[in-house]
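Before any comments, here is the structure.
The values are calculated or read from the model by the stated rules, or taken from the named source; none is laboratory data. Values in this document were obtained by computation on a predicted structure and should not be read as measured data. Here the Cβ is made from the backbone with ideal geometry for all residues, glycine too, and neighbour counts use every protein chain on show.
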Ligand SMILES: [Ca+2]
Ligand SMILES: [Ca+2]
C-alpha cells in the first residue's frame, strides 16, 4: 500500500481466480494514537469483495457485448450452450449468469 495524498492510499492486489472472494481489513499504526483496526473488531469482521467471473462465451479471449448476446441466446433457447454460459458456476444457466456477466462488463 502506498500513499497518494494525506488521507489517500493505493493498494494493488495480485490477480485472483475469477469468482473468488477477498476479505480484508486495515491496521493503522500511528506513533501518537497507537493501532487502529478498521473494521473495529478485525480480523473477526472484515470487508469483502467478489472478483468478477470470467465470461468469455465466444472464446475470443475477451468479455464484451458479444458474450452478452451469446448468453441471451442461450437463456432464450435460441442459441447453443457451449458449456461456458454457467458464469457463476452454480450448475444452471439463468438470469443470475446474465447478472454476473453484466457485472464483469461493468468492472472493465
Ligand atoms: Ca468473448
Ligand atoms: Ca449459473
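Here are the numbers for this structure:
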| item | result |
| --- | --- |
| Selection within segment 63-87 - near ligand 1 (Cβ under 10 Å from one of its atoms) and either under 19 Å from residue 20 (Cα atoms) or in contact (Cβ under 8 Å) with a residue 40 or more places away in the chain (or both) | 63, 64, 65, 84 |
| Answer residue from segment 88-98, given it is farther than 14 Å from residue 56 by Cα and either assigned to a helix (DSSP H, G or I) or touching a residue at least 60 places away in the same chain (Cβ under 8 Å) (or both) and is farthest from ligand 2 (Cβ to nearest atom) among those | 95 |
| Selected residue [more than 16 Å from ligand 1 (Cβ to nearest atom), under 23 Å from residue 17 (Cα atoms), outside the structural domain of residue 21 (by TED's automatic domain parsing) and in contact with a helix residue (DSSP H, G or I) (Cβ under 8 Å, 6 or more places away or on another chain)] from 90, 56 | 90 |
